[in-house]
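Coordinate-derived values only; no laboratory data. Values in this document were obtained by computation on a predicted structure and should not be read as measured data. For neighbour counting, all protein chains shown are included, and Cβ atoms are generated from backbone atoms with ideal geometry for every residue, glycine included.
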Amino acid sequence: MRKPSLTVRLTIIFVLTMAAACAGIALTLYGALRHELIWRDDTTLINRAAQLRQLLQDGAKPEMLPLYFNRMVDTRQDILLIQPVNGPGVTINHTGATLASSPAPGELHRQRTKEGEELTIYSLKGQTDSGAVTLTVARVARERARMLAQYRWQSLLVCLAALAACAILSPLFIRRGLKAIGALSKITADTSTDRLSQPIPLHNLPRELLPLGEALNLMRSRLADDFTRLTRFADDLAHELRTPINVMLSQSQVTLGQRRTVDEYQQLLEGNIEELENLSRLIDNILFLARADHHNVALSKERFSLSDMLEDITDFLEPLAEEKALSFSVQAQGDLQADKLLFQRAIVNLITNAIRHAPPGTLISIETEICTDGVNIAIGNQGELLTATEKLFERFWRGDEARHSAGTGLGLAMVKAIAELHDGEAWYRHRQSRNYFGIRLPG
């Protein structure tokens with residue numbers, strides 16, 4: 001089932017919020033109005049009773065009080081009882097309500113009539129020439145009930161009108177407010193490879209969409225960098241593959257241009273086999289890096305001695321070092337938990353790189369250091385400070401950028417990939433006229 005649109009959901013939220021606000025305001029005002037009307041009615045009763053008692057004290061006859069009472073109050077909802085100690089009483093009651101009981105003098109008493117109307121009663125003691133009398137005044141809250149009922153009905157109408165207006169106008173305002181999202185979506189949809197480097201303008205975006213715009217610009221920047229690296233990788237790969245293929249093609253064409261001896265054909269095949277082996281290694285390395293990027297390389301970790309492992313590697317590479325009269329210095333200690341074959345591959349690449357760039361007759365140092373977050377293995381050779389250090393571990397990048405140096409430019413990239421597969425890192429430092437390349441692996 002398709003979920004409702006953002007406009008519908010926001011409209012529902014606004015309408016519900018408006019309903020809660022209207023209900024809260026209406027109930028608050030209704031309660032305040034009701035308490036105000038009750039206070040006014042109670043005050044009126046008390047004042048009327050006090051005035052009638054004063055009239056009695058001033059000499060008015062009890063039988064004359066109804067005349068004053070009819071002028072002072074609304075006889076449709078007010079009641080008067082005069083009860084002398086001796087003699088008949090006076091009653092004015094046109095409401096049809098019956099007083100169930102008389103309250104204590106000076107106190108307000110509330111009760112309900114048979115019709116469910118609220119009745120408020122107030123009683124006072126008075127004095128006449130004939131003796132003591134009890135004045136009782138009461139009011140049936142008919143006018144108050146009518147006023148409150150009218151207020152409830154009007155409040156309901158106002159609330160319904162406000163909710164209807166909110167339901168009608170909210171989608172219009174919401175759609176207008178969401179135009180920025182539409183514009184942002186259009187810019188994102190129109191993104192092409194030649195526009196990745198152009199950031200999305202953020203000055204017109206509302207504050208709520210600024211994090212989204214900044215995230216999109218960050219994503220575009222990363223995509224631009226990835227696309228640039230991918231394009232460069234494709235160019236470098238095409239060059240690396242084209243050169244040996246062209247060499248084999250031209251040699252084969254020249255050889256087949258005329259009849260050759262068996263030795264010449266054998267020499268051609270041997271040269272082609274050597275080039276094909278180089279291509280095979282290049283392809284294997286590229287496939288390994290591609291799998292490493294997606295962490296699609298299964299690690300077979302085991303614990304081994306760093307000293308023994310590095311001694312074996314230097315023994316294996318010693319003939320290569322002897323060609324340049326280089327010597328090894330190994331200072332290693334401790335054990336390491338890692339994939340043994342991948343570790344060997346990374347160290348061989350680092351030492352081979354050091355041999356290739358070390359001046360003849362110098363020393364290649366191999367050192368290990370136990371640190372808090374793992375083990376550092378550093379391979380150093382004499383040399384000047386390298387430039388463009390941020391590119392040292394990029395694929396196919398070589399220091400001279402002229403593609404005339406030996407190798408394919410994948411050695412250090414593979415070292416970095418192997419280190420990251422072990423949750424470590426590859427690094428470069430220059431210290432005391434020596435270049436150090438190394439990896440840090442968790443212990």
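Cα-based radius of gyration for segment 1-42, normalised by 2.2 N^0.38 Å, reads 2.00. Measuring nothing but alpha carbons in segment 124-210 and taking Rh as the Kirkwood radius, the Rg to Rh ratio lands at 1.67. As an equivalent ellipsoid, segment 245-303 spans semi-axes of 39, 13, 5 angstrom, where each value is the square root of five times an eigenvalue of the C-alpha gyration tensor, largest first. Taking only the Cα atoms of segment 202-260, the ratio Rg/Rh comes out at 1.57, with Rh defined as the Kirkwood radius. From Cα pairs below 8 angstrom and at least 6 apart in sequence, can you work out the relative contact order of the chain, rounded to a whole percent? With pairs under 8 Å counted, the relative contact order is 10 percent. Computed with the Debye formula from one identical point scatterer per Cα of segment 301-441, without solvent, the log10 of I(q)/I(0) at q = 0.14 Å⁻¹ comes to -0.62. The count of lysine pairs in the chain that are at least 8 places apart or cross chains, and whose C-alpha atoms lie under 25 Å apart, stands at 7.
Per-residue ellipticity at 222 nm computed for the chain from its helices equals -18500 deg cm²/dmol, with DSSP H segments shorter than 4 residues left out and the rest contributing -39,500 (n - 2.57).
Hydrodynamic radius of segment 191-293 by the Kirkwood approach over all distinct alpha-carbon pairs: 18.0 Å. Shape annotation for the chain: C-alpha extents along the principal axes are 158, 54, 37 Å, from largest to smallest.
Quick one: pull the percentage of alpha-carbon pairs in segment 1-148 with a separation above 23 Å. Considering segment 1-148, 48 percent of its Cα-Cα pairs are separated by more than 23 Å. Placing +1 on the Cβ of every Lys and Arg and -1 on the Cβ of every Asp and Glu, with no other charges, gives the chain a dipole of roughly 3600 debye about its Cα centre. Pairs of alpha carbons in segment 64-217 separated by more than 17 Å make up 76% of all such pairs.
Comparing Asp41, Asp284, Asp129 in a Gaussian network model of the chain where C-alpha atoms under 10 Å apart are linked, the largest mean-square fluctuation is found at Asp129.
According to the square roots a ≥ b ≥ c of the eigenvalues of the Cα gyration tensor, what is the shape class of segment 174-217, taking rounded for a/c under 1.5, prolate for a/b larger than b/c otherwise, and oblate for the remainder? Judged from the Cα gyration tensor, segment 174-217 comes out oblate (a/c at least 1.5, b/c at or above a/b).
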